[in-house]
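**Student:** Below is a structure I'd like to ask you about.
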Amino acid sequence: MGAKHVAVLLGGFSSERPVSLSSGKACADALEAEGFQVTCVDVDHDVASRLAELKPDVVFNALHGPFGEDGTIQGILEYLQLPYTHSGVLASALAMDKARAKTVAAAAGIPVAASRVMDRFRIVGEHPMKPPYVVKPVREGSSFGVVIVKEDQAHPPQIVTSSEWRYGDEVLVERYIHGRELTCGVMGGKVLGVTEIVPLGHSFYDYDAKYAKGGSKHVLPAEISPNLYQKIQTLSLRAHEAIGCRGVSRSDFRFDDRFSEEGELVWLEINTQPGMTPTSLVPEMAAHAGYSFGEFLRWMVEDASCLR
């Protein structure tokens, strides 16, 4: 038998296209080095017909953002009966919707911040909740559209109701959590390590802090108490299972320890399509657990299936 043919989906047409191109190229190169036959597919609206012609053995989904991780492409792959990586239709759609994912997480006993979903045009005149708070698109990734409203800000953020806003009319208004940025990956039924993300020269972990060179520092394992470390791992696995994720996922947390050592730990969201370059957070966690980048991707290809 010849080498397994893997189609790597990358690019796409969401705000996160540049991130996906970077992830996809890194994955394609590593999978080729692992001995797979690899075809890169820069995703456009003709992706279904292109995949039907290619007939790959497995589809490696390296897309980010709407269409790529919201259940849409997963539905196409189910229709084509092509085994694929990462989460399935329902879990992908649910995780992409921050408000509904929080509802499921809270029902599973995971601590979340107080929040409300609003039409962005209603955020005028007076604050929708007492500052500090965060306004974020309900269905975006990579911190696109995230606005932090500080305690001393007199009015709601004007950008949210302006013509420059391009992230949909439904937004999540959420209590701002001070403190440290912590994240933890899950690989199948196995929980990975906990990383602290320290933005460098940025007020929070925004797009540039995530992807610009020198924008942030990753501390793995996070320098926190053993109890907190284990708690984050437990909650990450619980979120992965409650949302119904498959393959890999990553849960993000904030930890406010200003007033006590125990502090307040809050789950922010789960990412079903985390970044996939060798220096991205989840591949770093996998490396810490003993998997090379190639071995990690091989595991994902072998884990691929339909009906996820």
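Derivation of every value follows stated rules applied to the coordinates shown; laboratory data play no part. It should be emphasised that the depicted structure is a prediction, and the values quoted were computed from it without experimental measurement. Backbone-built Cβ (ideal geometry, glycine too); neighbour counts: all protein chains shown.
**Student:** Hey, fewest Cβ within 10 Å first, where do LEU200, LEU54 land in order?
**Tutor:** Ranked by crowding around the Cβ, least crowded first: LEU200, LEU54.
**Student:** Grab the beta carbon distance between THR234 and ALA3, set R0 = 41 Å, and tell me the FRET efficiency rounded to 0.05.
**Tutor:** Numbers: r = 39 Å, r/R0 = 0.95.
Calculated transfer efficiency: 0.55.
**Student:** Given the pairs LYS98/LYS150; LYS130/LYS217; LYS55/LYS98; LYS102/LYS150; LYS190/LYS231, which span a C-alpha to C-alpha distance of over 25 angstrom in this model?
**Tutor:** Working: LYS98/LYS150 22 Å; LYS130/LYS217 31 Å; LYS55/LYS98 34 Å; LYS102/LYS150 23 Å; LYS190/LYS231 15 Å.
Correct reply: LYS130/LYS217; LYS55/LYS98.
**Student:** Also: To the nearest 10 degrees, how steeply does helix 226-243 sit against the main Cα axis of the chain, on a 0 to 90 scale?
**Tutor:** Rounded to the nearest ten degrees, it is 60.
**Student:** At 222 nm, what value in deg cm²/dmol follows for the chain if DSSP H runs of at least 4 each add -39500 (n - 2.57) and the sum is divided by all its residues, to the nearest 500? Show your work: numbers first, answer last.
**Tutor:** Working: 9 runs with 94 residues, N = 308.
Calculated from helices alone, the mean residue ellipticity at 222 nm is -9000 deg cm²/dmol.
**Student:** Then there's this: What number, in percent, do you get for the relative contact order of the chain if the mean sequence gap of Cα pairs under 8 Å and at least 6 apart is divided by its residue count?
**Tutor:** On the way: 648 pairs, mean separation 63.8, N = 308.
This gives 21 percent for the chain.
**Student:** Then there's this: How do 61-71, 250-260, 146-156, 275-285 rank on mean C-beta neighbours within 10 Å, highest first? Don't skip to the answer; put the middle values down first.
**Tutor:** Numbers: 61-71: 25.6, 250-260: 17.8, 146-156: 13.8, 275-285: 22.0.
Per-residue mean Cβ counts within 10 Å order the peptides as 61-71, 275-285, 250-260, 146-156.
**Student:** At 0.36 nm per residue, minus the direct Cα-Cα distance, what do GLU262 and ARG116 gain on full extension? Give it in nm, one decimal, please. Let's see the in-between values first.
**Tutor:** Working: separation 146, 0.36 × 146 = 52.56 nm, distance 2.68 nm.
49.9 nm is the gain from fully extending GLU262 to ARG116.
**Student:** Okay, moving on. Work out, step by step, the length gained on full extension between ILE159 and THR72: first 0.36 nm times the residue separation, then minus their alpha carbon distance; give nm to one decimal. Walk me through the numbers on the way to the answer.
**Tutor:** Values: separation 87, 0.36 × 87 = 31.32 nm, distance 2.87 nm.
The span from ILE159 to THR72 would gain 28.5 nm if fully extended.
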